[in-house]
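Undergrad: One structure, pasted below without further comment.
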Amino acid sequence: MSSRSLSAILLLLGAFVAVCHASNGDRTQFFHNCRQNCERTNCSADGLEIQEQAVKFYKQSVFDRLFQWSCADECQYGCMWRTVLAFFERGWPIPQFYGKWPFLRLLGMQEPASVIFSGLNFAVHLRLLRKFRREVRPDSPCYMLTHIFAVTSLNGWVWSAIFHTRDFPLTELLDYAFAYSIILCSLYVMVMRMLHRYSLFLRGVISLAFLSYYINYFAYLSVGRFNYAFNMMVNVATGVIAAVGWFVWCHFVRIRRPYFRRILRFYVLMALAMSLELLDFPPILWILDAHALWHLATVPLASLYYDFMIEDCRTLRKEKVAAGGYAFYN
């Protein structure tokens, strides 16, 4: 059994008894010295990084090479686990590294559970979009709104999976930016649903305002130092506004539209699921953390949203037909 395998076994056993407090593992002298020595010994020749040395020394898999794990990355990964083991042996809290808990790599993926659950969310949204298209006629009011939300969500979950596979500055930016696009789109859908009877000009102006705001926010995220606290505040504020808008609508239509309970349940359960993000504990078996659980919790909630939109579009179309808005259909 290799020393790396033995270390992994000890870490798995210790995961359930370690005290869960954040620590700056990457700032310890132990980690710094380990990484420096590793890179000097294995990664350089005349000052140049030699990727072939990483393949030979670390026995990289085809997935590691596919996801661009360089020799320096391998040194950081290996020294991270040596530091965690050193903390564990001394009975110290498990440390974080560069703002993240230590995760076991699987098939080249940094955070395999989050990648898998992001993929599940993508699959669910794709399946529910197909269900919507089967059950709702294209000439129904708000038909395109659901497509806009679905496409935005599919794009967001793709970048979530990419970011959790490999954490680069670009993948981080796109993950955060497109995650916010889903939340902003939910607010846009709420506003457009309330105004669907108004003029196309008014809805067009509001749509352009939303698009302009998002482009500016994307540019803000792209320039300068990323402000995590501010980004989280903006996400929460946007989600709360969308939820409040739907709650007010539900209050006024609770008699005429009994299916309002679906969108109400969606936002209530989504708020409860988001509370998982407030938890902070070392990953179970070094794979499953609070963020991954949040991604898992969103998987079954999507059906509530799409079922609401299916019923709402059907109802709106029936009302318009009854009002003479359509020619006779068989």
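Undergrad: Starting with the highest mean, order 193-201, 102-110 by the number of other Cβ atoms within 10 Å, averaged over the residues of each peptide.
TA: Top to bottom by mean Cβ count within 10 Å: 102-110, 193-201.
Undergrad: Taking the Cβ of ASN231 as the center, what net charge do the other residues with Cβ under 14 Å away carry, scoring Lys and Arg +1 and Asp and Glu -1?
TA: Counting the neighbours of ASN231, the net charge comes to -2.
Undergrad: Which peptide among 254-261, 163-170 comes first, and what is the full order, when sorted by highest mean count of other Cβ atoms within 10 Å?
TA: Per-residue Cβ counts within 10 Å, averaged per peptide and sorted highest first, yield 163-170, 254-261.
Undergrad: What order do you get for 263-272, 67-76 when each peptide is scored by the mean count of other beta carbon atoms within 10 Å, highest first? Each step should come with its number before you reach the end.
TA: Values: 263-272: 17.2, 67-76: 19.0.
Going from most to least packed, we get 67-76, 263-272.
Undergrad: Over segment 112-327, what is the relative contact order in percent, taking alpha-carbon pairs closer than 8 angstrom and at least six residues apart?
TA: Taking the mean separation of contacting Cα pairs over the length of segment 112-327, I get 30 percent.
Undergrad: Another question about this same structure. Students sometimes get this wrong: rank GLU172, GLU319 by accessible area, probe 1.4 Å, all chains present, largest first.
TA: Solvent-accessible surface, decreasing: GLU319, GLU172.
Undergrad: What does the charge count around HIS251 come to, taking other residues whose C-beta lies under 14 Å from its C-beta (Lys +1, Arg +1, Asp -1, Glu -1)?
TA: That sum, taken over residues with Cβ under 14 Å, equals +4.
Undergrad: What Kirkwood hydrodynamic radius do you get for segment 260-311 when you take the inverse of the mean 1/r over all pairs of distinct Cα atoms, in Å?
TA: Taking every pair of different Cα atoms in segment 260-311, averaging 1/r and inverting gives 11.9 Å.
Undergrad: Give the calculated FRET efficiency between TYR220 and ILE255 to the nearest 0.05, with a Förster radius of 35 Å applied to their Cβ-Cβ distance.
TA: Computed FRET efficiency for TYR220 and ILE255 comes out at 0.20.
Undergrad: If you don't mind, there's one more thing I want to ask. Would you mind getting the Kirkwood hydrodynamic radius of segment 75-231 from its Cα pairs, rounded to one decimal in Å?
TA: Working: mean 1/r = 0.0542 Å⁻¹.
Value: 18.5 Å, from the Cα pair sum.
Undergrad: At 7 Å along Cα-to-Cβ for each site, give me the label-to-label distance between SER303 and LEU278 in nm.
TA: 2.8
Undergrad: Between ARG27 and VAL62, take the C-beta separation as r, use R0 = 45 Å, and let me know the FRET efficiency to the nearest 0.05.
TA: Values: r = 34 Å, r/R0 = 0.75.
In this case the efficiency is close to 0.85.
Undergrad: Can you tell me the length gained on complete extension of the stretch VAL205 to TYR98, counting 0.36 nm per residue apart and subtracting the Cα distance? Walk me through the numbers on the way to the answer.
TA: Numbers: separation 107, 0.36 × 107 = 38.52 nm, distance 4.25 nm.
That pair, VAL205 and TYR98, stretches by 34.3 nm at full extension.
Undergrad: Follow-up question, since we're still on this one. What is the sum of charges, Lys and Arg at +1 and Asp and Glu at -1, for the other residues whose Cβ falls under 13 Å from the Cβ of SER160?
TA: For residues surrounding SER160, the net value is -3.
Undergrad: ARG40 to ALA229: FRET efficiency via 1/(1 + (r/R0)^6), r the Cβ-Cβ distance, R0 35 Å, to the nearest 0.05?
TA: 0.45
Undergrad: Taking the chain as a Gaussian network, where each spring joins two C-alpha atoms under 10 Å apart, which residue of LEU128, LEU316, LEU304 fluctuates the most?
TA: Ranking LEU128, LEU316, LEU304 by mean-square fluctuation puts LEU316 first.
The values are calculated or read from the model by the stated rules, or taken from the named source; none is laboratory data. Keep in mind that what you see is a predicted model, and the values were worked out from it rather than measured. Quick reminder, even Gly has a Cβ in these numbers, built from the backbone with ideal geometry, and neighbours come from all protein chains shown. These accessible areas exclude ligands, DNA and RNA; they are computed on the full protein's heavy atoms, side chains included. Shrake-Rupley method; radii C 1.70, N 1.55, O 1.52, S 1.80 Å.
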